[in-house]
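The values are calculated or read from the model by the stated rules, or taken from the named source; none is laboratory data. Remember, predicted model here, so these are calculated numbers, not experimental data. Using ideal geometry, Cβ is built from the backbone for each residue, glycine included, and neighbour counts are taken over all protein chains shown.
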Amino acid sequence: MPPNSVAVVATVEEYHEGFRRNAPARVTAVLGPGFTMFNGTYSGDPQTWEVHMYLAGPRLTEWPVSFLKQAGPYENRLQVLRVYLRGDAALVVTEETGRNKFRQWDRELVTYLLGRQEGQWRLVGYFIKDIANPK
């Protein structure tokens, strides 16, 4: 794997490792200045997709702490299916199996969006096809 691909995958893995180890500062360290989460509502049809949340500033810093308090413990195993790089942008597609307090997932497809800022890869968003916002 080319060096940039290794660094991009390591960023995604570190995001999950921070949650697995109940270490919110590790999660925060790999997030960009803003982070967008959106869902596919179990569909590949973009007409049904929905935004889950956008975080920036203090809300971004506080989110990993509150997520772990509400949803922990967190477990997740991932297999990288695809890495695509273009300049300072990257896309990582994974298949993931895990659980937290609220849900379990098995072979769920997740697409991570990353940007390189000051030489470091940062997560700026993700898309989970097989999840929907709580009603």
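Of note:
- Filtering the stretch 29-83 to residues that are of a type in the set (Ser, Thr, Tyr), under 14 Å from the mean Cα position of the chain (by Cα) and more than 18 Å from LEU109 (Cβ to Cβ) leaves TYR54, TYR74.
- Residue that is nearest to GLY119 (Cα to Cα), among those in the stretch 10-59 that are among the β-branched types (Val, Ile, Thr) and surrounded by fewer than 15 Cβ atoms within 10 Å (Cβ to Cβ): VAL51
- Remark: pairs (first residue in the stretch 17-32, in contact (Cβ under 8 Å) with a residue 24 or more places away in the chain; second residue of a type in the set (D, E, K, R); Cβ separation under 7 Å; 6+ apart in sequence or on different chains) = GLY18/ARG26; ARG20/GLU75; VAL30/GLU14; VAL30/ARG122; LEU31/ARG122; GLY32/ARG122.
- Selection count, the stretch 112-135, where residues are charged (D, E, K, R), outside any strand (DSSP E or B) and surrounded by 15 or more Cβ atoms within 10 Å (Cβ to Cβ): 2
- Just one of the listed residues (ALA25, ALA56) is over 22 Å from LYS129 (Cβ atoms), in contact with a strand residue (DSSP E or B) (Cβ under 6 Å, 6 or more places away or on another chain), at pLDDT 95 or above and among the aliphatic types (A, V, I, L, M), and it is ALA56.
- Residues of the stretch 73-85 classified as within 14 Å of ALA23 (Cα to Cα) and surrounded by 14 or more Cβ atoms within 10 Å (Cβ to Cβ), total: 1
- Meets criteria (more than 23 Å from LYS129 (Cβ to Cβ), at pLDDT 95 or above and surrounded by 15 or more Cβ atoms within 10 Å (Cβ to Cβ)) for ALA7: yes
- Residue in the stretch 91-111 that is exposed (fewer than 15 other Cβ atoms within 10 Å of the Cβ), within 21 Å of LEU123 (Cα to Cα), more than 14 Å from the chain's Cα centre (by Cα) and hydrophobic (A, V, I, L, M, F, W, C) present: no
- Flag if TRP121 is at pLDDT 95 or above and within 16 Å of TYR42 (Cβ to Cβ): no
- Check on THR111, β-branched (Val, Ile, Thr), in contact (Cβ under 8 Å) with a residue 12 or more places away in the chain and within 26 Å of ALA25 (Cβ to Cβ): yes
- Against the conditions (1) in contact with a Leu (Cβ under 8 Å, 6 or more places away or on another chain); (2) modelled with pLDDT of 95 or more, GLU50 satisfies every one except (1).
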